[in-house]
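Okay, structure first, notes after.
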Amino acid sequence: MHPQSISGVDVVRTGIKYGAIAGLIATWSISSAIAASELELGLPISTFYAIMGMSLGYNDFVSAAYLGFGLHLLTGAILGIIIGFVSSRLMARVVLNPYKAVLMGMATGMAVWLVLFLPITALLVQPSIQRISFLLAESFPSQSAMLSGNTGQMVWGIGLSAIAFHLVWGAIFGYIFSSLVRIKAFRVTRTKGETMQ
């Protein structure tokens, strides 16, 4: 957003607020895509989130799924706040251009995949894979053969397909963030114009 259109403090506050909103919306949207991919793979919905919760020590599928989903939303909001703060301070011209904002978001999504998703998968999920396989097979006895035998491959398959999910997350985030900032800049400019008349 243009420094001339809003005071410096408002630029930062606006970036943080709109970043959190865009992060939540993008994360919720990706959660829907994750659920659709789980259905496509024949997995119970929320398996991805349950795996996250189980890697943190939860044994119950439902509780683990709620924990994983909640942490996913929280992470999306926090990342949105950070990206919104940085964007509002450093990349005003990029944020006001929706195409550049989408590209910026996609680059950010790849960075999130590389810096956050991969280490969590390698350091938290992978070491717990035997326990997770057992818990998933116990939770869904009718699918125990599929879940217990392929969990390791499934986790790394999810890890690779997560590249696409993070690119889409970034594109959604960038577009929504840019739209919110442009609406705010338009309102401020219009209000200033009315005040000067």
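The values are calculated or read from the model by the stated rules, or taken from the named source; none is laboratory data. Worth saying up front: this structure is predicted, and the values here are computed from it rather than measured. Every residue, glycine as well, gets a Cβ built from its backbone with ideal geometry; the counts of neighbours run over all protein chains shown.
The figures follow:
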item: Residues located in region 93-106, provided they are modelled with pLDDT under 95 and either within 10 Å of the chain's Cα centre (by Cα) or of a type outside the set (Lys, Arg) (or both); result: VAL94, VAL95, LEU96, ASN97, PRO98, TYR99, ALA101, VAL102, LEU103, MET104, GLY105
item: Options GLY53, GLY70, GLY80, GLY57: the member that is of a type outside the set (A, V, I, L, M) and under 15 Å from ALA22 (Cβ atoms); result: GLY80
item: Those residues of region 57-82 which are among the β-branched types (Val, Ile, Thr) and either closer than 20 Å to ALA26 by Cβ or under 12 Å from the mean Cα position of the chain (by Cα) (or both), in sequence order; result: THR75, ILE78, ILE81, ILE82
item: Some residue of region 114-121 being assigned to a helix (DSSP H, G or I), over 26 Å from PRO44 (Cβ atoms), at pLDDT 90 or above and in contact with a helix residue (DSSP H, G or I) (Cβ under 6 Å, 6 or more places away or on another chain); result: no
item: Test: residue in region 128-149 that is surrounded by 15 or more Cβ atoms within 10 Å (Cβ to Cβ), within 18 Å of the chain's Cα centre (by Cα) and either at pLDDT 80 or above or charged (D, E, K, R) (or both); result: no
item: Residue satisfying all of: in region 78-120; of a type in the set (Ser, Thr, Tyr) and touching a residue at least 24 places away in the same chain (Cβ under 8 Å); nearest to MET52 (Cα to Cα) among these; result: THR108
